[in-house]
Amino acid sequence: MTNSLSPHDYQRAPLPPARKSADIPQRPDTRAAGRDKPDTPPKRGEPKQRDAFFDNAKYLAIVMVACGHAWEPLTDGSRAAEALYMVIYTVHMPAFILISGYFSRSFDMRPDRLKRLVTGIAVPYVLFEVAYSFFKQWADDDPGYPISLLDPWYLTWFLAALFVWRLSTPLWKLVRWPVALALAIAALASISPDIGDDLDLQRVLQFLPFFVVGLFMKPEHFQLMRRREVRILSVPAFAVATVVAYWAAPRMSSAWFYHRDSAQELGGPWWSGLVMTLALFGCSMVLVSCFFAWVPRRHMWFTALGAGTLYGYLLHGFLAKGSRFWGWFDDYAWVQTPLGAIAVTFIAAIVITVLCTRPVQRMFRFAMEPRMEWAFKKDAAELARDRSKPVKAA
């Protein structure tokens, strides 16, 4: 929907090995957030340092998410807004999902990793699905709206998808052509209108290839994107993408970029699902590479905010939906002007930035970073370590 290659400059040093936990959006490790030191192994008991490159990428991507949601009400009256909306939706969630897959490479069924999967993804999913449902009942004056953990509402689909993708990680390590298989599954999903809405399975399957690509990426792949020629070529690539999107805006539905419906549900012939799956995957991979090419590798003023993207992602949903329910975009005509669109963009960027800060993290940590030690038994290895501590002390 992750620490600096080089702490103070843009020298071409290889990325450090992937850490075992840096999801998209990310549960923060506040002890290590914002560190930007040379790539030296931490001492025993010392928290692992974060990679400023990936924290920068996550922050910039979450800003794009907020801007995309702010632009959505403007797309009906502005072809330019619709074109920018399409471009931004080609990049932000594929980038998040790819990074999420990259940091899922070490996932297995070890008890501590399963515990983190529950506390970091499943519990926030349940809490926010219930909270969003109550919010819709109140803000949209819809008291009959049901609370359903099987039908994600608005932003919670990503947590459900990440839970499923993470559990499937060992399987993708076994198959011979994982990316091709994931693309085949996504294409078949796009022509299967009977899949239904349970766990937003269409999005789980159609976004799956980006997660699988991330699983098999290596630090040197990100290093290739940082080459000078890639950065130079990325500028005309984004320009061409914007021109094509401007041409396509009145000719196609932006709903294709949500990956939540089949081709038939979008009013197209069945075979268009196969074509669009491959075409959008290729476009997204090109633009995501261009995006990574310009992400700073050094520690920036916003680097530490990359550790709080889960907070910004889930919390801004209340404001994004509330603005629709309460008619903010309809009541103020100036919002529909070019200057109004620019103002809305700045407001969205400021709001999402505030929601990623540490005070907000501390306030909502109970929901997004619960410890829940009471809910789990200690495994045999942990019990053995606990029993050995008094002996070592003696």
Being more than 29 Å from F238 (Cβ to Cβ) and of a type outside the set (G, A, S) narrows W301, W270, W294 down to just W270
Counting only residues that are within 27 Å of the chain's Cα centre (by Cα) and either loosely packed, with under 12 Cβ neighbours inside 10 Å or in a helix (DSSP H, G or I) (or both), the range 326-363 contains a total of 23
Selection over the range 176-206 where residues are closer than 23 Å to L117 by Cα and surrounded by fewer than 21 Cβ atoms within 10 Å (Cβ to Cβ) yields a count of 5
*Does at least one position in the range 100-119 carry a residue that is within 30 Å of I342 (Cβ to Cβ) and either basic (K, R) or assigned to a helix (DSSP H, G or I) (or both)?*
no
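This table checks each residue for (1) at pLDDT below 95; (2) crowded, with 23+ Cβ neighbours inside 10 Å; (3) touching a helix residue (DSSP H, G or I) at 6+ places or on another chain (Cβ under 8 Å).
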residue	(1), (2), (3)
P94	no, yes, yes
D108	yes, no, yes
L114	yes, no, no
F128	no, yes, yes
L150	yes, no, yes
A161	no, yes, yes
K173	yes, no, yes
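Select, from A248, A241, A263, the only residue that is buried (at least 16 other Cβ atoms within 10 Å of the Cβ) and more than 25 Å from I99 (Cα to Cα).
On the way: A248 fails: buried (at least 16 other Cβ atoms within 10 Å of the Cβ); A241 fails: more than 25 Å from I99 (Cα to Cα).
Going through A248, A241, A263 in turn, just one is buried (at least 16 other Cβ atoms within 10 Å of the Cβ) and more than 25 Å from I99 (Cα to Cα): A263.
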Of the conditions (1) under 17 Å from the mean Cα position of the chain (by Cα); (2) β-branched (V, I, T); (3) farther than 21 Å from F96 by Cα, the single one that I121 does not satisfy is (3)
Can you spot a residue in the range 270-282 that is in a helix (DSSP H, G or I), modelled with pLDDT under 95, in contact with a Ser or Thr (Cβ under 8 Å, 6 or more places away or on another chain) and of a type in the set (S, T, N, Q)?
-> no
Within the range 60-79, the residues that are touching a Phe, Trp or Tyr at 6+ places or on another chain (Cβ under 7 Å) and among the aliphatic types (A, V, I, L, M) are A61, I62, V65
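The values are calculated or read from the model by the stated rules, or taken from the named source; none is laboratory data. For clarity, every value in this text was computed on a predicted model and none was experimentally measured. Every residue, glycine as well, gets a Cβ built from its backbone with ideal geometry; the counts of neighbours run over all protein chains shown.
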